[in-house]
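Note sheet for the following structure.
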Amino acid sequence: MTTELLNIAQRRSALEKGLEQFLDGSMLQGALQHWEQQYSTQPAFVLNRFLNDICTTDELRLYRKEMLKQVLFELSSLEKQVLMRSEQPQQQAKVVELISADISDAFLAFTDDVLQLVKTPDQADFRAEVITQLEEMGLAIAANAQINSASFVEFLPLTRYAQVLTSIYEVFCDFYGPMRADQVYAQTKLKIKANFPDVDLHQLL
């Protein structure tokens, strides 16, 4: 999920639509104000941390994962609308083309670096949970798929790269907590930026 396509007002609108079935009135407006002040300039993968902030009751915590899925759905839908309105046909075609070798390599390196930090006893369960998340996004995943292999991402379009990294982030939060997930993603982002200086990381996060 990228943030380059959408301005703050558009992202706020998507966030409001995603949360309105879970929050209402002053709670919803308070959550949106908190997002504007603390997270509006941050990449999409910190949405989980934002939701942890606003889910202050046991009932809301039960719906946190559903909230995230709904917000990501609204952001993705709005991005597609913006692309269709603002890009020429040739540019629209580029969105669904295969990703360039450099971006593909950067994506694989990012995924691999994060997965290497998953504890050995957790590896199987972690990968299974990520695959479950991706299947819920509509991706057909083989049972023995290696999510950090070239064959896995060979045909993924740009929008899916960002969604896959967001799903991995969500699972990392579930296993090790949002603070650890934020730390890992921030460190990995710096490493990828250094190793792939020509790649625009906004296309991945």
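The values are calculated or read from the model by the stated rules, or taken from the named source; none is laboratory data. Keep in mind it's a predicted model, so treat the numbers as computed, not measured. In this analysis, Cβ positions are derived from the backbone assuming ideal geometry, glycine residues included, and neighbour counts consider all displayed protein chains. For the accessible areas, the whole protein counts, side chains as well, though only heavy atoms, and no ligand, DNA or RNA atoms are used. Shrake-Rupley method; radii C 1.70, N 1.55, O 1.52, S 1.80 Å.
On the stretch given as the range 153-166, residues that are at pLDDT below 70 and in a helix (DSSP H, G or I) total 3. Among the residues making up the range 179-199, a single one is free of Cβ contacts under 8 Å to residues at least 24 places away in the same chain and assigned to a loop (DSSP other than H, G, I, E, B): Pro197. The set of residues in the range 1-48 that are open to solvent by 70 Å² or more (accessible area, probe 1.4 Å), farther than 22 Å from Gln183 by Cβ and part of a loop (DSSP other than H, G, I, E, B) comprises Glu4, Asn7, Glu20, Gln21, Asp24. Exactly one residue out of Tyr176, Tyr169 is out of contact with any Leu (no Cβ under 6 Å at 6 or more places or on another chain), free of Cβ contacts under 8 Å to residues at least 12 places away in the same chain and surrounded by 14 or more Cβ atoms within 10 Å (Cβ to Cβ): that is Tyr176. When restricted to residues that are crowded, with 18+ Cβ neighbours inside 10 Å and among the aliphatic types (A, V, I, L, M), the range 110-131 contains 4.
Being closer than 26 Å to Ala181 by Cα, open to solvent by 20 Å² or more (accessible area, probe 1.4 Å), in a helix (DSSP H, G or I) and at pLDDT 85 or above is not true of Asp102.
For the range 63-95, a residue qualifies if it is in a loop (DSSP other than H, G, I, E, B), at pLDDT below 85 and open to solvent by 90 Å² or more (accessible area, probe 1.4 Å), and exactly one does: Gln88.
For the residues Leu51, Leu60, the requirement of being surrounded by 15 or more Cβ atoms within 10 Å (Cβ to Cβ) and touching a residue at least 24 places away in the same chain (Cβ under 8 Å) singles out Leu60.
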